[in-house]
Each structure stands twice: as structure tokens, then as C-alpha cells.
Amino acid sequence: MGLRSKIRKAKTFFTKYDVLKTIYWRFRLHLPRSASFHICPKSIVSIAKNADVRIESGELAINDTWFATRKRRYVSEFRLDRDSTFICKGDFMLFQGASIYVAPGAKLVLHGGWSFLNTNSTLNCFHHIEIGKRCSISDNVSIADSDSHCIDGNKEKVTAPVIIGDHVWIGKNATILKGVTIGSGAVVGAGSLVTKDVPNNTVVVGNPAKPIKKIVNWE
């Protein structure tokens, strides 16, 4: 890498990221050289000391922005509670206002491959959630594997895993509820409420979401 490239890279680092937080967490988490944990301004990062954090490769970015000229209007939160497990295997972005919470004893696995949570989306993991590679999760999406509260004392059905396959597109204002598996190549329409499994390469829409067609591919 030439001198000019190094200067540009350093300038980007000091202007785009919260440098002190980024450096602190890199050393605190003992990240491998193949991994980056970039924390942008207006980020809240809270990781319990006994949380199992494995950022294996690629970049995990908190409160990133699509445009360098756009001011961050929202705060992103990244919280890992005690005894939680967080595994990131490749590039994953939380754009401005997007947040992740992993509860005590819960496990979140992000397979990366340039997947992202867009503006003001939330992911709340109370048991087990997995998100595949190259997933596009749009604005104001809610993903949760728990109802958080039980009704009539029935605690057994409050929490169930959520699995999202590779190359899934989830539209704006969609909600993904507990116990759902979304197959690879699927598309969830804007505003949909997903309460049941979605087959591979299928478009679902509505409340509750229902299949409307099969697709070969999307870009």
C-alpha cells in the first residue's frame, strides 16, 4: 500500500469512526487481524465481561451510514448481556439507528458475507437467532425470538429460535416472530408479519404473511 493510500485510509478511520471506542473494544475483545469492529459516532456498546464474543473475520460496523455526507440522526445500540454468545463470521453492518440485543444465555450467529440491518431495525435475541450470508434487512424491521411475556402462565411457548437463510431480503416495516425459519433466496414484503416458515425462493406478503409466488433470483 502506497503512502497516499495509507494517508487516505487513516483519514477515513479518524473521521468516520469513534476512534477511542473502536480501539478500546478491539483490544478488549482480542480480535484476530482478519476481523474489524468499527464503532461509529452515536453508538452505545455494552458487552458483559463473561459474554462469549467471536468476531472471526470481516467487518462488524455499528451505526454506519450509507452516505458520508449524511448526519447521523439516530443512535445504534449493541448490547451483549451476561453469559450470552455472539458469533460474527463475516461482514455485517448496523446502519444508523439499528440495534442488537442478546439476552443472558442467548446465542446470536451472523454468517456475514455483507449482510446488514438498515435504519432503525431491531434484533432482540433471547434464545437463538441465526442470519445467513448476503441478507438485506430493510428499515424499521423487527426480529425477535421471544414474546418476552407469557400468557396464562404458559412459559413453554414464549421463546423459539429464528433462522434466516442466505440471500434473504426483508422489506421495510416487516416483523419476524419467534419460531420462524426463512429459507434462502426468500423475499419478505414490506409491512409483512411473518408467523410461519417461509420456503426457499418464495415471496411472502401480508399480515399474516402468505406465499404469493416463487422466484428464481433477485439482485
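Can you confirm whether Ala106 is buried (at least 18 other Cβ atoms within 10 Å of the Cβ), of a type in the set (Gly, Ala, Ser) and touching a Cys at 6+ places or on another chain (Cβ under 6 Å)?
The answer is yes for Ala106.
Looking at Asn120, Asn200, can you tell me which residue is surrounded by fewer than 17 Cβ atoms within 10 Å (Cβ to Cβ) and either free of Cβ contacts under 8 Å to residues at least 60 places away in the same chain or under 30 Å from Ser57 (Cα atoms) (or both)? Checking each option against the conditions leaves just Asn200.
So is Lys71 among the charged types (D, E, K, R), free of Cβ contacts under 8 Å to residues at least 24 places away in the same chain and more than 15 Å from Ile137 (Cβ to Cβ) or not? Spelling it out, Lys71 is indeed among the charged types (D, E, K, R), free of Cβ contacts under 8 Å to residues at least 24 places away in the same chain and more than 15 Å from Ile137 (Cβ to Cβ). Among the residues of the range 50-86, those identified as among the hydrophobic types (A, V, I, L, M, F, W, C) and closer than 16 Å to Arg28 by Cα are Ala51, Val53, Ile55, Leu60, Phe78, Leu80, Phe86. I need the full set of residues from the range 40-96 which are of a type in the set (Val, Ile, Thr) and more than 18 Å from Trp114 (Cα to Cα), in order please. Once the filter is applied, which keeps residues that are of a type in the set (Val, Ile, Thr) and more than 18 Å from Trp114 (Cα to Cα), the range 40-96 yields Ile44, Val45, Ile47, Val53, Thr69, Val75, Thr85.
Once the range 88-119 is narrowed to residues that are assigned to a loop (DSSP other than H, G, I, E, B) and aliphatic (A, V, I, L, M), the residue that is farthest from Phe67 (Cα to Cα) is Ala106. Regarding the range 94-108, can at least one residue be identified that is without any contact (Cβ under 8 Å) to a residue 60 or more places away in the chain, of a type in the set (Lys, Arg) and touching a Ser or Thr at 6+ places or on another chain (Cβ under 9 Å)? There is at least one residue in the range 94-108 that is without any contact (Cβ under 8 Å) to a residue 60 or more places away in the chain, of a type in the set (Lys, Arg) and touching a Ser or Thr at 6+ places or on another chain (Cβ under 9 Å).
Residue under question is His128, and the condition is that it be surrounded by fewer than 19 Cβ atoms within 10 Å (Cβ to Cβ), touching a residue at least 24 places away in the same chain (Cβ under 8 Å), under 17 Å from Ala160 (Cα atoms) and not small (Gly, Ala, Ser); does it hold?
On the way: surrounded by fewer than 19 Cβ atoms within 10 Å (Cβ to Cβ): yes; touching a residue at least 24 places away in the same chain (Cβ under 8 Å): yes; under 17 Å from Ala160 (Cα atoms): yes; not small (Gly, Ala, Ser): yes.
Yes, satisfied.
None of Ser184, Ser138, Ser192, Ser148 is out of contact with any helix residue (DSSP H, G or I) (no Cβ under 6 Å at 6 or more places or on another chain), surrounded by 16 or more Cβ atoms within 10 Å (Cβ to Cβ) and free of Cβ contacts under 8 Å to residues at least 40 places away in the same chain except Ser192.
No lab work stands behind these numbers, since they all come straight from the coordinates. These numbers were taken from a predicted model, which means no experiment stands behind them. Cβ sites come from the backbone with ideal geometry, for glycine too, and all protein chains shown count toward neighbours.
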